[in-house]
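Enquirer: Handing you this structure, nothing more for now.
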Amino acid sequence: MLQSEIEKLHPDWHVIFYGENVDEVINCASCGKKVKYGETYTSLEQFIDDGSFGLSVCADCYAKEYARMKAKEAKE
């Protein structure tokens with residue numbers, strides 16, 4: 001999903017792909033959980049609008065994305 005779609009669905013979420021303040025509280029781009037930017041991972045499925053960079057997601061969502069990616073690779 002793209003950042004503009006996420007922001008349209010959840011206008012109260014603060015989702016980013018890059019930040020300079022590791023203590024800034026943001027929302028996971030996948031589940032919306034509040035987390036410090038420095039504790040996030042780069043999403044494999046949620047992207048900025050041009051698709052070039054992954055948005056920040058929490059550790060739980062990243063683990064799920066990674067598992068889906070590996071399962072898809074195993075089927076190929």
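Enquirer: When you scan the range 53-60, do you find a residue that is in a loop (DSSP other than H, G, I, E, B) and more than 14 Å from the chain's Cα centre (by Cα), even just one?
Expert: No.
Enquirer: Output the residues belonging to the range 42-60 that are among the polar types (S, T, N, Q), surrounded by fewer than 17 Cβ atoms within 10 Å (Cβ to Cβ) and within 19 Å of residue 24 (Cα to Cα). Talk me through it step by step, then tell me what you get.
Expert: Of the residues in the range 42-60, the ones among the polar types (S, T, N, Q) are 42-43, 46, 52, 56.
From the residues that got through so far, the ones that are surrounded by fewer than 17 Cβ atoms within 10 Å (Cβ to Cβ) too are 42, 52.
Residue satisfying the conditions is 42 alone.
Enquirer: From the set of residues in the range 19-33 that are over 16 Å from residue 62 (Cα atoms) and assigned to a loop (DSSP other than H, G, I, E, B), which is nearest to the chain's Cα centre (by Cα)? Steps first, please.
Expert: Filtering the range 19-33 for residues over 16 Å from residue 62 (Cα atoms) gives 19-25.
Add one more test, that the residue is assigned to a loop (DSSP other than H, G, I, E, B), and what stays is 19-24.
Values: 19: 13, 20: 17, 21: 17, 22: 15, 23: 17, 24: 15 Å.
For the range 19-33, the residue satisfying everything is 19.
Enquirer: Which residues, taken from the range 61-76, are over 13 Å from the mean Cα position of the chain (by Cα) and either closer than 15 Å to residue 14 by Cα or assigned to a helix (DSSP H, G or I) (or both)? Show your work before the answer.
Expert: Applying the first criterion (over 13 Å from the mean Cα position of the chain (by Cα)) to the range 61-76 yields 67-76.
Of everything in the range 61-76, those that are over 13 Å from the mean Cα position of the chain (by Cα) and either closer than 15 Å to residue 14 by Cα or assigned to a helix (DSSP H, G or I) (or both) turn out to be 67, 68, 69, 70, 71, 72, 73, 74, 75.
Enquirer: Among the residues of the range 64-76, how many are among the hydrophobic types (A, V, I, L, M, F, W, C) and surrounded by 12 or more Cβ atoms within 10 Å (Cβ to Cβ)?
Expert: 1
Laboratory data are not the source of any read-out in this text; all were calculated from the coordinates shown. What you are looking at is a predicted structure, and each value in this text was computed from that prediction instead of being measured. Cβ sites come from the backbone with ideal geometry, for glycine too, and all protein chains shown count toward neighbours.
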